[in-house]
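Notes to accompany the following structure.
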Amino acid sequence: MNAEKGFVYILTNPSFREDWVKIGKSSRPVDIRSKELDNTAVPLPFEIFATLKTSKYERVENLLHKAIDRLTNLRIRQNREFFNVAPSAALDLLKDIAETIDDAEITEYATGNPKSAPRNADADKASAETVSARRPPFEFCMAGVKIGEKVTFDPAKIEVVVADEKHVEYKRRLYTLTAFTKKFMPENRRDKSGAYQGPKYFSYHGKTLTELRLEREGK
């Protein structure tokens, strides 16, 4: 029996600082949850910045909270879901986690609506689920790279060997692309948020793995 899916959400609020977000989970559609949060405790309604739908939503929320907590002192109050981190940085972390989950569906929002939502009246009836930006986790075959070949970690000019579809080998240790990026990114190029999308930092025959994947997908 398949587990029921739920949502991890990133919410913003016009009455908050631009680098404050609320990150939580819900077993129901996020627009319902955001309306429940609209009370006298906040002057203005919450706005949905992004959601991730998955059967593993409880674990994803926990992983995302931990990832941000590791950046030190970014939780505004302990035991609360408010964080002092830019919404885009929180979304990058969420996307990194989504790459490890088979049923992840990420939807980004603008002015309260999914960015990819159709505009005609009939299509407006479609739920956010049908317009979610769903992409499977990265595998090397998606970029035309074979196991045993070498790719280059561009920020540090390090060559690594593709060990399997999701890992590279370096000095007899296996890493995912994101884990390798976090460990070996030069200090002067580190992102304060700690959020990295691994395939963007590795190249094969002069093109990044992200570029190669998009080319093969026809985008």
Task: Selected from TYR170, PHE202, PRO186, residue furthest toward positive end of dipole (segment 160-217; charges at beta carbon) - done: PRO186
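On a full-extension model of 0.36 nm per residue, what is the gain between THR111 and ALA156, subtracting their alpha-carbon distance, rounded to one decimal in nm?
Numbers: separation 45, 0.36 × 45 = 16.20 nm, distance 3.88 nm.
That works out to 12.3 nm of additional length.
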- [ ] Could you tell me what percent of the accessible area of segment 157-212 is made up of carbon and sulfur, with a 1.4 Å probe and every protein chain present?
- [x] 48 percent
Open item on the list: Between ARG172 and ASP102, what is the label-point separation in nm under the 7 Å Cα-to-beta-carbon projection?
Closed with: 3.3 nm
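Counting Lys and Arg as +1 and Asp and Glu as -1, each charge on the Cβ, what is the dipole of segment 155-201 about the Cα centre in debye, to the nearest 20?
Numbers: 11 positive and 6 negative charges, 46 e Å.
Computed charge dipole of segment 155-201: roughly 220 debye.
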Open item on the list: Can you compute 3J(HN,Hα) from phi for each residue in segment 200-213, using the Karplus curve 6.51 cos²θ - 1.76 cosθ + 1.60 with θ = phi - 60°, rounded to whole Hz and x for Gly and Pro?
Closed with: 6, 9, 10, 10, 9, 6, x, 10, 5, 5, 5, 4, 5, 5
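Given the pairs LYS146/LYS207; LYS25/LYS182; LYS66/LYS207; LYS5/LYS115, which are separated by over 24 angstrom at their Cα positions? Can you show the working numbers first?
Values: LYS146/LYS207 15 Å; LYS25/LYS182 26 Å; LYS66/LYS207 33 Å; LYS5/LYS115 22 Å.
Correct reply: LYS25/LYS182; LYS66/LYS207.
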Open item on the list: Can you compute the modelled spin-label distance between LYS35 and GLU187, with each label point 7 Å from Cα toward Cβ, in nm?
Closed with: 5.2 nm
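The values are calculated or read from the model by the stated rules, or taken from the named source; none is laboratory data. Everything numeric in this text was worked out from a predicted model, so none of it was measured. Positions of Cβ are generated from backbone atoms using ideal geometry, with glycine treated the same way; all protein chains shown enter the neighbour counts. Note: accessible area is taken over every heavy atom of the protein model, side chains too, but ligands, DNA and RNA are not part of it. Shrake-Rupley method; radii C 1.70, N 1.55, O 1.52, S 1.80 Å.
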